[in-house]
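Worksheet: the structure to be examined is printed underneath.
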Amino acid sequence: MRLLIKRVFDFIFSLTGILFFLPFGIIIAAFIIIESKGGVFYLQTRVGKNNQDFRLIKFRTMRTGSEKKGLLTVGKDNRITGTGRFLRKFKLDEMPQLLNILIGTMSIVGPRPEVRKYVDMYNENQKKVLLAKPGLTDYASLEYFNENELLGKSENPEKTYIEEVMPAKLLLNEKYLSDISLGHDLKIIFKTLGKVFRQ
């Protein structure tokens with residue numbers, strides 16, 4: 001029953017969000033197309049519930065082909081477009097994931113989905129996060145809201161991510177998984193909105 005309530009909430013929330021956000025999305029799409037060559041959206045394979053791959057959708061914030069130079073974005077990464085910087089600051093690049101939520105591959109609240117490269121580094125205990133549907137936001141998103149700036153201060157960003165940031169995120173995911181409820185989800189949603197508006 002709890003999972004059914006969560007799914008109904010996700011469906012209603014995502015559908016409402018899509019309808020509300022659509023006019024702004026059209027404007028954002030125009031800016032993306034005008035500023036740099038490539039499509040409006042960026043599709044990336046992430047790992048979801050039960051260790052299954054799925055296609056996560058975002059607004060494109062980087063120049064085409066940027067992924068070949070590394071998965072992590074750190075500091076003032078010159079691969080990010082001007083429009084992309086604005087979208088990332090306010091997390092607007094994540095809004096297309098409402099479509100992922102609508103079709104059921106993601107939830108509003110849940111562990112943020114990782115790419116396969118990093119999931120393959122999880123130990124058996126950390127793999128428990130894959131029992132839940134990935135989310136648009138979670139405790140780790142709140143704690144590491146400006147993650148790229150943090151990694152930008154490191155001499156070896158990927159090493160810092162793998163050895164420090166990723167394990168800390170997974171511990172925060174465990175905290176969420178120990179108490180999944182609609183009330184808990186609403187608390188995280190309001191905290192996330194607060195973080196965005198404070199930007």
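The values are calculated or read from the model by the stated rules, or taken from the named source; none is laboratory data. None of the values given here were measured: they were computed from a predicted structure. Counting neighbours? That spans all protein chains shown, and the Cβs are built from the backbone with ideal geometry, glycine included.
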Residue in the stretch 78-88 that is of a type in the set (Ser, Thr, Tyr), in contact (Cβ under 8 Å) with a residue 12 or more places away in the chain and surrounded by 19 or more Cβ atoms within 10 Å (Cβ to Cβ) present:
yes
Is it the case that the stretch 107-123 has a residue that's crowded, with 20+ Cβ neighbours inside 10 Å and more than 12 Å from the chain's Cα centre (by Cα)?
no
Exactly one of THR73, THR81 is of a type in the set (Ser, Thr, Tyr) and closer than 22 Å to VAL165 by Cβ, and that one is THR73
Sole exception among (1) among the acidic types (Asp, Glu); (2) at pLDDT 95 or above; (3) closer than 26 Å to GLN199 by Cα for ASP77, by number:
(2)
Among the residues of the stretch 30-56, write down those that are in a helix (DSSP H, G or I), surrounded by fewer than 16 Cβ atoms within 10 Å (Cβ to Cβ) and out of contact with any Leu (no Cβ under 7 Å at 6 or more places or on another chain).
ALA30, ILE33, ILE34, GLU35
State which residue pairs qualify: first residue within 12 Å of LYS58 (Cα to Cα) and modelled with pLDDT of 95 or more and inside the stretch 28-41, second residue part of a strand (DSSP E or B) and aliphatic (A, V, I, L, M) in any location, beta carbons under 9 Å apart, and separation of 6 or more residues or different chains.
PHE41/ILE57
Any residue at all in the stretch 95-106 that is touching a Pro at 6+ places or on another chain (Cβ under 7 Å), at pLDDT 95 or above and closer than 28 Å to PHE11 by Cβ?
yes
In the stretch 148-192, which residues are aliphatic (A, V, I, L, M), closer than 21 Å to ILE5 by Cβ and either within 19 Å of the chain's Cα centre (by Cα) or outside any helix (DSSP H, G or I) (or both)?
LEU177, ILE180, LEU186, ILE188, ILE189
Pairs under 8 Å by beta carbon, first residue over 13 Å from ASN100 (Cα atoms) in the stretch 7-20, partner modelled with pLDDT of 95 or more and surrounded by 11 or more Cβ atoms within 10 Å (Cβ to Cβ), six or more apart or different chains?
PHE9/ILE108
